[in-house]
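One structure below.
The values are calculated or read from the model by the stated rules, or taken from the named source; none is laboratory data. Since the model is a prediction, treat every value here as computed from it, not as a measurement. Please note: Cβ atoms are built from the backbone with ideal geometry, for glycine as well, and neighbour counts cover all protein chains shown. Heavy atoms of the whole protein, side chains included, go into the accessibility calculation; ligands, DNA and RNA do not. Shrake-Rupley method; radii C 1.70, N 1.55, O 1.52, S 1.80 Å.
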Amino acid sequence: MRRFLLAQFSPVLQAWRNGYEGEVRRSVIAFFVLILLAFGVCLAVPEVRLGLSAYLQGFYQDMDLTDETGALSPLALFLNNLRACVVTMLYGLIPYVRMPALALGMNAVVLGGMAAVYAAADSTMLLPHGIFELPALILSFSMGLYVCGHLTRRVRGDSTALSLRRCASLSMRLLVFLVLPLLILAAVTEAYVTPLVMGLFL
């Protein structure tokens, strides 16, 4: 079983050594820079902060992430995050247009804005599930960008770039062996651990 898993995951490790690591590093830097910028703008401009807060409240209500008791549903959280990661990687299948960068930027702005809302209200923003969710998202953003780069080179006639089939296979392996476990942990943590932690501080 161990050999099978290693064999399945080895293409991801090879991609890591052949440029995927660089995409992850750039994505991490861009992600946190954008969070800080969004935090600063939302904190300095109350109108932007209040508008974003109202939009997010309506957005999350429409997503219906609760069960019949009104508690957060780990399954709904998991499926929502899975959809975001899958769509982000699918964006990478479009050459030339680096759509995963847009998804990265939007998520960073939302996090920065939320942090500003909590800071302005003198409240504590506790997101322990982010320990698992953020790496899953960043890995997905980065894979989308990595795939987009290879397909763009392929369209331009670079035979050393990965084919569409190999890009799709690589994305699927990353999703199954790394992103999925992280999202499961994130959903369980957000549904059960985060409320307990927040209860200790609020």
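For Ala161, the conditions (1) touching a His at 6+ places or on another chain (Cβ under 9 Å); (2) farther than 16 Å from Leu79 by Cα; (3) touching a residue at least 40 places away in the same chain (Cβ under 8 Å); (4) not acidic (Asp, Glu) are fulfilled apart from (3). Check whether at least one residue in the range 133-142 is at pLDDT 90 or above, farther than 23 Å from Thr189 by Cβ and not in a loop (DSSP other than H, G, I, E, B), and report yes or no. Checked against the condition, which is being at pLDDT 90 or above, farther than 23 Å from Thr189 by Cβ and not in a loop (DSSP other than H, G, I, E, B), the range 133-142 yields no hits at all.
Evaluation of Thr152 against the conditions (1) modelled with pLDDT of 95 or more; (2) more than 17 Å from Ala84 (Cβ to Cβ); (3) buried (at least 20 other Cβ atoms within 10 Å of the Cβ) shows that the sole unmet condition is (3).
In the range 118-128, the condition of being more than 15 Å from Glu23 (Cβ to Cβ), open to solvent by 60 Å² or more (accessible area, probe 1.4 Å), free of Cβ contacts under 8 Å to residues at least 12 places away in the same chain and of a type in the set (Phe, Trp, Tyr) is met by at least one residue. Only a single item in (1) among the hydrophobic types (A, V, I, L, M, F, W, C); (2) in a helix (DSSP H, G or I); (3) closer than 30 Å to Tyr96 by Cα is not met by Ala161, and it is number (2).
Quick check on the range 26-40. Is at least one of its residues open to solvent by 60 Å² or more (accessible area, probe 1.4 Å), at pLDDT 90 or above and under 18 Å from Val147 (Cα atoms)? Scanning the range 26-40 turns up at least one residue that is open to solvent by 60 Å² or more (accessible area, probe 1.4 Å), at pLDDT 90 or above and under 18 Å from Val147 (Cα atoms).
Counting only helices (runs of 4 or more DSSP H) that sit completely within the range 1-107, those holding 3 or more residues that are of a type in the set (Phe, Trp, Tyr) and under 25 Å from Thr189 (Cβ atoms) correspond to 21-44.
Sub-8 Å Cβ pairs linking a first residue in the range 181-192 that is at negative phi to a second residue that is among the aliphatic types (A, V, I, L, M) and open to solvent by less than 30 Å² (accessible area, probe 1.4 Å), at least 6 apart or interchain, are Leu182/Ala136; Leu182/Leu139; Leu183/Ala136; Ala186/Leu77; Ala186/Ala136; Ala187/Leu77; Glu190/Leu77; Ala191/Leu77, ordered by first then second residue. For the structure I just gave you, tell me whether Gly105 is closer than 30 Å to Val41 by Cα, more than 13 Å from the chain's Cα centre (by Cα) and open to solvent by less than 40 Å² (accessible area, probe 1.4 Å). Considered against the rule, which asks whether it is closer than 30 Å to Val41 by Cα, more than 13 Å from the chain's Cα centre (by Cα) and open to solvent by less than 40 Å² (accessible area, probe 1.4 Å), Gly105 comes out as no. If you take the residues of the range 181-197 that are over 12 Å from Leu82 (Cα atoms) and in contact with a Pro (Cβ under 8 Å, 6 or more places away or on another chain), which of them is modelled with the lowest pLDDT? My answer is Val197. Condition check for Ala71 on (1) at pLDDT 95 or above; (2) exposed (fewer than 13 other Cβ atoms within 10 Å of the Cβ): one failure, at (1).
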